[in-house]
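Heads up: the structure comes next, in structure tokens.
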Amino acid sequence: MAYETLRMEVEERVAVLTIDRPEKRNALNATVRRELVEALDALAERDDVRVVVLTGAGDKAFVAGADIGEFAERTPLEQRAVLAGRRVHRELAAFPKPTVAMINGYALGGGCELALACDIRVAGRSAKLGQPEIRLGLLPGGGGTQRLPRLVGFGQAMRMVLTGDILDADEAARIGLVDLLVDDDALRATTLALARRLGAHSPVALRLAKDAVRAALETPLSAGLAHEQELFVTAFASEDRTEGVAAFLEKRDPEFRGR
Ligand code: COA
């Protein structure tokens, strides 16, 4: 399927989704949002894809936020209708396969929130991250007020949301907003190598493990532990578990089939 604002490449079980509006710093307009949701729907169904990497085109921006031009034209009722539809940040966070944000420049506002909705964030040293909505008389609307404190803690999240300050990649890594910090010229190779390592594992186990860790964001400890046990038993019942254990004992690489 051809997209207007996205590029999709699939290689070695990893799909790289590139938001492709570099002249607008990959800002999220209605077309990008719709196409991202469509692309995620398609990738969820593809057996040859086990991991998704999300990035921005060019060397300046991952995603510089919501398209501010669209804000200027929209009435509050129109904005309400937009928020009632399928939301890209929610769809990304709920995507069943592991997702990695490859942050290659500015990740601001809705762009920072896209990175927050991914499972792992890898950034080049020149990346810059922030939630500058407050400067526009707004607040984050793509999950930032909830996902940011869960990732970096209450105080750092408050500091970012209330000041609108933009952090360099070093500081973002120090507070836990970036999980892996690499030189710019190593960003792609390092991120793809990481994604391929995930993609070598059982798709069943990947899905269940992601579900289990994500539950930690939403549930009290006792409920989360009970959920983990259920998912563990489900993994135990999979053909991939039989194969993984057999391969270990036979000292060979496993061949996971996703069953
Ligand atoms: N929405 C719409 N257009 C945007 C945009 C956004 N969020 N971010 C950048 N652009 C556009 C600019 O308007 C400009 O368009 P033009 O060439 O037609 O004038 C183009 O992208 C390049 O931006 P520019 O500011 O010249 O690039 P830069 O590299 O000097 O600066 C940023 C990059 C990201 C620091 C700067 O563009 C910026 O601050 N953007 C807004 C970030 C923001 O507040 N995001 C949160 C939105 S809620």
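The values are calculated or read from the model by the stated rules, or taken from the named source; none is laboratory data. Predicted model only: the values in this text are computed from it and were never measured. A quick note on method: Cβ atoms are made from the backbone with ideal geometry, for glycine too, and the neighbour counts reach across all protein chains shown.
Here are some notes:
- Cβ pairs under 6 Å, 6+ apart, first in region 56-73 and aromatic (Phe, Trp, Tyr), second more than 6 Å from the ligand (Cβ to nearest atom): Phe62/Gly56; Phe62/Ile103; Phe62/Asn104; Phe62/Gly105; Phe62/Ala107; Phe62/Gly111
- Output for region 167-176, where each listed residue is without any contact (Cβ under 8 Å) to a residue 60 or more places away in the chain, surrounded by 17 or more Cβ atoms within 10 Å (Cβ to Cβ) and either within 16 Å of the ligand (Cβ to nearest atom) or polar (S, T, N, Q) (or both): Leu167, Ala172
- Residues located in region 68-93, provided they are closer than 21 Å to Leu138 by Cα and buried (at least 20 other Cβ atoms within 10 Å of the Cβ): Val88, His89
- Counting only strands (runs of 3 or more DSSP E) wholly contained in region 9-112, the ones carrying 3 or more residues that are among the hydrophobic types (A, V, I, L, M, F, W, C) and away from the ligand (no atom under 12 Å from the Cβ) occupy 14-19, 51-56, 99-103.
- All conditions in (1) within 14 Å of the ligand (Cβ to nearest atom); (2) of a type outside the set (D, E, K, R); (3) outside any helix (DSSP H, G or I); (4) in contact with a Phe, Trp or Tyr (Cβ under 9 Å, 6 or more places away or on another chain) hold for Ala123, with the sole exception of (1).
- Residue count, region 49-70 (criterion: closer than 19 Å to Glu38 by Cα, of a type in the set (Val, Ile, Thr) and more than 14 Å from the chain's Cα centre (by Cα)): 1
- Hits in region 1-38 - residues which are out of contact with any Gly (no Cβ under 7 Å at 6 or more places or on another chain), under 23 Å from Leu198 (Cα atoms) and surrounded by 21 or more Cβ atoms within 10 Å (Cβ to Cβ): Ala15, Leu17, Leu36
- Of all residues in region 117-128 being within 12 Å of the chain's Cα centre (by Cα) and without any contact (Cβ under 8 Å) to a residue 60 or more places away in the chain, the one that is surrounded by the most Cβ atoms within 10 Å (Cβ to Cβ): Arg121
- Top-ranked residue of region 128-165 - restricted to ones that are touching a strand residue (DSSP E or B) at 6+ places or on another chain (Cβ under 6 Å) and under 25 Å from Pro76 (Cα atoms), ranked as farthest from the ligand (Cβ to nearest atom): Gly130
- Residue in region 35-58 that is touching an Asp or Glu at 6+ places or on another chain (Cβ under 9 Å) and modelled with pLDDT under 95 present: no
- All of (1) surrounded by fewer than 19 Cβ atoms within 10 Å (Cβ to Cβ); (2) under 30 Å from Pro132 (Cα atoms); (3) of a type in the set (Gly, Ala, Ser) hold for Ala157 with one exception: (1).
- Meets criteria (in contact with a Ser or Thr (Cβ under 7 Å, 6 or more places away or on another chain) and touching a residue at least 24 places away in the same chain (Cβ under 8 Å)) for Asp179: no
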